[in-house]
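So the structure is just underneath, and the comments pick up after that.
Readers should treat all values here as calculations from the given coordinates under stated rules, not as data from a laboratory. Here the structure is a predicted model, which means the values were calculated and not measured. FYI the Cβ positions are ideal-geometry reconstructions off the backbone, even for glycines, and counts take in every protein chain you see.
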Ligand SMILES: [Zn+2]
Ligand SMILES: [Zn+2]
């Protein structure tokens, strides 16, 4: 058939391979009615792969004699709707990423592997034309005739029935094409409740909440800047309620560790409708089920982390991105997309409202408000009469610390405990001590595979590299001078916990970090014990700052906030400000006013004083003004080429080649290549080349050429390279 097939029926297919192009195949029977977004099994080299059909093509890109036929059509109905395909096409261009991999990212793993997408919720039904059609007129197609007769007897068949009748998909497709039969989604089994609301947890929204709800009335992007405790969630819930009453669906994106049972229960207590959650903890099977329920419209609310942005929702009416400033919305490997930015784009394609919510919005989001692209809605007050927390800087200059705790802080903590309150001690470093040091010869324990020090973990007496995960036993003798005079320098959560329990032996201390919450349910247990409200000290990393609400905490102590002043990353100060307010926002809620004490060497820095005196908006405007002055994002656009290799100079050589072969473009600045700040990581040497420009289009044009140069380079098979558009981590 291949020779006689008209060229207009070439199939354009995206293959999950690291190639920035699509592939053409010859059709088989049943391809005429194929819709874009359906999965197709195809031969690819010596493999059989599952690709996504994108459309028909008239222009062969290779000699048709060399083209292969597809093996099998997997779907009758697309697994990616037109709008999701549009979103994926946009992401492919914007992130300069291989389309096959973009589409693959958009699907649950089971579907990538070929699992049926609709089963068992689709019925094949007979159309009115089909009912009146004489099977004898089908012609020389006995299988089609058999199927039509079966459906004339029994007006609907599910996939199991079809399998029993041994009806193959080309036969069905032929009858669908003739409009004699049609696929129909089976009616949802569950009866819908009369009302979408189960109960309200407060009678009426406050005035500022009601104003916010009223403003979100049409398609567009809304930045909801509400301080911690101002009731952003209530605004989401009311906006979602509107959508549910129209029988539409809502998608809520939350950060990686923000999807706590507490978050979920706000939704389940409020709404009667089916809710699905999508996150990395699901099995492939659970994930597929959630995907199917969303795709079939059964789930009316989907709450999920980053990758949930690709959930099919045929009646999507609202998109919410909670904690929109959070770094976990950016995927940091492979397809490096920003789920928040894709949410804004999806909202535009679907013509629906998108709410980006945060107590500390990202500067680029505030900038988009200043430009008029997003509408800014503020919730400046805490709800229910609660007073806002107060901030105090503790100057550490010339102070003697006890495992990172200053004398003032030790007194303050005791004071709060004796009043029956809880205290949260924040330090963003797990383990016992970040440095193991030999007193005799100043030797420091370092990782062989990374340019990094090893962190001492005391519980199991081992050294760990937090960059590559390697674990070593603590040596008995110094590797250099063979003495045994080690001392741990600096403090991590474990050491702070130990010190606190020696100072306040009668109070319970709960440590919350990645190590203490490894086993399933352990975080839940800790949180439940804390919420009983007895006086206690909570020690933890930023895990503590996300999604949890501790009503008994009246004092938050942040032991170290100075990293932002030392970092060469231009985003470091923005992150410091966000972290201070996010962690500080845990202090006091409801009746008790909270206090936040910040230990710092930089108590006299105006930017820090402005943050705690005037709040986040003023702080953000100051940093934005600095960024503008220095030609930094969001006033410029950036793209980062990264390369890594086991050989010391290969990554640098490769990026040198890319930069040397590019045509001069005065509007795009190229910085580097330079070795990364931590050049060696997990045994690989890493380098980067940064592109920066005020013109997004000129930047992207040059990046596209850079990709072509990189792909053509003979060096490219000896190194790993990647591209990061709008990078969030520059060092
Ligand atoms: Zn030594
Ligand atoms: Zn390492």
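At q = 0.13, 0.15, 0.24 Å⁻¹ the log10 of I(q)/I(0) for the range 122-185 amounts to -0.27, -0.36, -1.00, computed by Debye summation with a single uniform scatterer per C-alpha, solvent ignored.
The order of 326, 161, 101, 631, going from fewest to most other C-beta atoms within 10 Å of their C-beta, is 631, 161, 101, 326. Of the peptides 335-342, 163-170, the ranking by mean beta-carbon count within 10 Å, highest at the top, reads 335-342, 163-170. Here the sum of -39500 (n - 2.57) over DSSP H runs of 4 or more residues, divided by the residues of the chain, equals -9000 deg cm²/dmol at 222 nm, to the nearest 500. Relative to its Kirkwood radius, the Cα radius of gyration of the range 267-350 gives an Rg/Rh of 0.95. Report the far tail of the P(r) of the chain, meaning the percent of Cα-Cα pairs longer than 51 Å. Looking at the chain, the distances longer than 51 Å represent 21 percent of pairs. Taking Cα atoms only, the orientation of helix 572-584 departs from the longest principal axis of the chain by about 80 degrees. When only alpha carbons of the range 382-537 are considered, Rg and Dmax amount to 18.4, 63 Å. By definition, a body whose alpha carbon gyration tensor gives a ≥ b ≥ c is oblate when a/c is 1.5 or more and a/b is not larger than b/c, and the range 456-500 fits this oblate description. For the chain, averaging the sequence separation of C-alpha pairs within contact (under 8 Å, six or more residues apart) and dividing by the residue count gives a relative contact order of 10 percent. Packing-based ranking of 313-319, 445-451 yields 313-319, 445-451, ordered from highest to lowest mean Cβ neighbour count within 10 Å. Treating r as the C-beta distance of residue 349 and residue 698 and R0 as 22 Å, the FRET efficiency rounds to 0.30. As a length-normalised measure over Cα pairs under 8 Å and 6 or more apart, the relative contact order of the range 637-725 settles at 45 percent. Sorting 214-227, 614-627, 515-528, 423-436 by their mean Cβ neighbour count within 10 Å, with the most densely packed peptide first, gives 423-436, 214-227, 614-627, 515-528. If I fit a long axis through the Cα atoms of helix 232-245 and take the longest principal axis of the Cα atoms of the chain, what angle between them do I get, 0 to 90°, rounded to 10? Between the helix axis and the principal axis of the chain, the angle is about 20 degrees. Here the alpha carbons of the range 584-731 define both size measures, Rg and Dmax, at 20.6, 66 Å. Relative to the longest principal axis of the Cα atoms of the chain, the long axis of helix 407-418 lies at roughly 70 degrees.
Calculated on the Cα set of the range 7-112, radius of gyration then Dmax: 12.8, 36 Å.
Averaging the sequence gap over all C-alpha pairs within less than 8 Å and six or more residues apart, then dividing by the number of residues, gives the range 122-185 a relative contact order of 57 percent.
Distance between the C-alpha centres of the range 144-174 and the range 427-472: 65 Å, rounded to the whole angstrom. Using a simple spin-label model with pseudo-atoms 7 Å out from Cα toward Cβ, residue 328 and residue 66 lie 4.7 nm apart.
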